[in-house]
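Take a look at the structure below.
Coordinate-derived values only; no laboratory data. Note that the structure is predicted; figures quoted are calculated from it, not measured. Virtual Cβ from ideal backbone geometry, glycine too; neighbours counted across all protein chains shown.
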Amino acid sequence: MSANQRVHTDHAPAAIGPYSQAVIAGELVFTAGQIGLDPARGELVPGGVREQTVQVLSNLVAVLAAAGCGPADVVKTTVYVQTMADFATVNEVYGGTFGDQPPARATVAVADLPLGALVEIEAVARRP
């Protein structure tokens, strides 16, 4: 059995704790949750939940690309939002990334997210 492979890219924010941006385990890729950090500045993007969701998905796509995957390879996501009042906005932006064949998904409202983020998304993908 081969060891899990850590994934890293400079095109997404560096881990802000003791974790990997993603891990490849066999044919599956498990990403860490991505928040709306600008990878160049290391700060949340200005604006609200729409702007953060755009950045979250950009970060997620960059991590997936570093693992040899794209949005079409994602089989499951978990979306964390600070309030379900933001669900429609997050859903609209999310749909633009995953299109006509979106992955399975769970959406959970949480009390707080790292650095005061409004949305966080993690994914499981299957490598082509």
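Before we move on, is Val74 out of contact with any Ser or Thr (no Cβ under 7 Å at 6 or more places or on another chain) and surrounded by 19 or more Cβ atoms within 10 Å (Cβ to Cβ)? In short, yes. Under the condition of being closer than 16 Å to Gln52 by Cα, assigned to a strand (DSSP E or B) and in contact (Cβ under 8 Å) with a residue 60 or more places away in the chain, the residues counted in region 69-128 number 4.
Go through region 13-27 residue by residue and tally those that are surrounded by fewer than 16 Cβ atoms within 10 Å (Cβ to Cβ) and outside any loop (DSSP other than H, G, I, E, B). It would help to see each step written out before you state the result.
Taking region 13-27 as the starting set, the residues that turn out to be surrounded by fewer than 16 Cβ atoms within 10 Å (Cβ to Cβ) are 14-19, 25-27.
Imposing the further condition that a residue be outside any loop (DSSP other than H, G, I, E, B) reduces the set to 25.
Total satisfying the criteria: 1.
As a summary of the residue check, Ile35 satisfies the conditions (1) closer than 19 Å to Tyr94 by Cβ; (2) touching a residue at least 40 places away in the same chain (Cβ under 8 Å); (3) surrounded by fewer than 23 Cβ atoms within 10 Å (Cβ to Cβ) except for the one numbered (3).
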